[in-house]
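Taking it in order: structure first as structure tokens, then the write-up.
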Amino acid sequence: MAGKKRHPGGDTLAARAAAWIEQHVSDMVALEGELTRRNAVGPANGGPGEAEKANFLEAWLLDHGFGPVTRLVADDNGVQRPNLLLVVPGIDRSRRIWFMSHLDVVPPGDLSLWKSDPFQVRVEGDKLVGRGVEDNQQGIVASVFALRALLELGIQPRCDIGLLFVADEETGSTFGVRWLLENHPEVFLPGDEFVVPDAGNEDGSQIEVAEKTILWLRFRTVGKQVHASTPQLGKNALVAGAHLVTKLRSLYERFEDRDPLFMPPMSTFEATRHDANVPNINTIPGEDIFYMDCRILPGIPVEVVLAQVKGICEEVERSHRVVCGVDVVQREDAAPPTPVGAMIVADLARAVRSVYGVDARARGIGGGTVAGHLRRKGFHAVVWARQDETAHQPNEYVWIPNLVGDAKVFAHLMAPEPA
Ligand SMILES: [Zn+2]
């Protein structure tokens, strides 16, 4: 075909796959329905786990032209937590791109907030409504139909393509991708790249490559409780604690690095929850407890932040003659970011532009994602989908055009480039 001019979106292999996907929208909707019907709430959330859903999906894949499916099952105190994977060889055997989505869902929550049965897909115009239709079946169905389009059309992928369906994403991945990385490292090869279609934004312009460190702190100030009419006999823990809250604002100046990948581009240190102290107005409180949520740019060690925090506590101890203790309630150190210039970022951005006409950019987010487990092992991983982020909400939905469009984006990523 050298020298021959192509029309944009014309007869490329990706365009043929896109056309095939367009003709199979009702099959995609049907698969969403079958997956939703099989409750895959994890045991930690009071559910049965992913076994029934995984059994169904495995059989469906074998019935629809996919080759052998590998099943790796983690034991969760007697409950089976299956992880499924398959690989289709590509033209370039030296590169492999995985599409990783998760089988489990969160519980429906308060049923009175749902307009219909959460485990039965309801079609509402261009939307499908039900638990898991977006999180994470949009990713499952889009990646499955992208690869199926290529198989049905006899198009060999540009490189090896893996589909990975993991358990236990919603409660920490102990029996999902973390378990796989620890117990079956042979499944992955150095240099494997990952697309994780488990979060995104409304126009599909966000390719998540980095995350901030999450650090939650509990501050306890101890003074001396007395009658409010005789403050000179006590030590007001609330006043000292309030002083501490305002002094902690100086963390913003102490850590003023900026990284334009993130919005906001700096580390954040926000006082949040405050525990109740004395029940009555005429008592000087002897104890004050509040909490802080810190989101720290990758590259700033938590120890350095904690040392500054302790220094601030000591200043307040001296000025208010109280004792200030600080405990770490939660800490999740940021994984090393996937480089903005990574090949998978550029390839995905090209596919998004081709299908949706949107300029997708690498971005960082304020919280940890499942991709962090992969990045910690040195893999490049991008989190992307086009969705409204209704995950975990009542009446969770997916736009059918996004389900179809994301499948086309993935097919674009899988198909060989025009010659
Ligand atoms: Zn999810």
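None of the figures in this text is laboratory data; all of them are computed from the coordinates on show. The structure presented is a predicted model; accordingly, all values stated were derived computationally and were not measured. Cβ atoms come from the backbone with ideal geometry, glycine included; neighbour counts cover every protein chain shown.
Of interest is the spacing of the C-alpha centroids, which for segment 374-415 and segment 101-168 amounts to 9 Å. Ranking Gly109, Trp98, Leu72 by how far each Cα lies toward the positive end of the dipole of segment 61-130 (charges on Cβ) leaves Trp98 at the top.
Dipole check for segment 238-377: with +1 at the C-beta of Lys and Arg, -1 at the C-beta of Asp and Glu, and the Cα centre as origin, the magnitude is about 560 Debye. Taking the chain, the Cys residues with no second Cys beta-carbon under 4.7 angstrom are Cys159, Cys294. Each of Thr369, Trp216, Gly154 was scored by the projection of its Cα onto the charge dipole of the chain, and the greatest displacement toward the positive side belongs to Trp216; charges sit on the C-beta of Lys, Arg, Asp and Glu. Farthest towards the positive end of the charge dipole of the chain, among the residues His392, Thr36, Ala276, is the Cα of Ala276, using unit charges on the Cβ of Lys, Arg, Asp and Glu.
Listed by chain and number, the lysines whose C-alpha is less than 27 Å from the C-alpha of Lys247, apart from same-chain residues fewer than 8 away, are Lys212, Lys224, Lys235, Lys310. The charge dipole of the chain, taken about its Cα centre with unit charges on the Cβ atoms of Lys, Arg (+1), Asp and Glu (-1) only, comes to about 860 debye. Of interest is the spacing of the C-alpha centroids, which for segment 11-34 and segment 295-367 amounts to 38 Å. Going by Cα centres, segment 191-258 and segment 53-71 are how many Å apart? Taking the Cα centre of segment 53-71 as reference, the centre of segment 191-258 is 45 Å away. Classify segment 181-300 as rounded, prolate or oblate from the Cα gyration tensor: take a ≥ b ≥ c as the square roots of its eigenvalues, call it rounded if a/c is under 1.5, otherwise prolate when a/b beats b/c and oblate if not. Prolate, since a/c reaches 1.5 and a/b exceeds b/c. By definition, a body whose alpha carbon gyration tensor gives a ≥ b ≥ c is oblate when a/c is 1.5 or more and a/b is not larger than b/c, and segment 71-196 fits this oblate description. The overall shape of segment 1-153 is oblate: from the C-alpha gyration tensor, with semi-axes ordered a ≥ b ≥ c, the ratio a/c is 1.5 or greater and a/b is no larger than b/c.
Roughly what percent of Cα-Cα pairs across the chain reach past 30 Å? Above the 30 Å cut-off, the chain has 50 percent of its Cα pairs. For the chain, give me the percentage of DSSP beta bridges that are antiparallel, rounded to the nearest 5 percent. Antiparallel: roughly 70 percent of the beta bridges in the chain.
Over the residues of the chain, the helix contribution to mean residue ellipticity at 222 nm works out to -9500 deg cm²/dmol, using -39500 (n - 2.57) for each DSSP H run of at least 4. For Lys408, a cut-off of 28 angstrom between C-alpha atoms picks up these lysines, skipping any fewer than 8 places away in its own chain: Lys4, Lys5, Lys53, Lys127.
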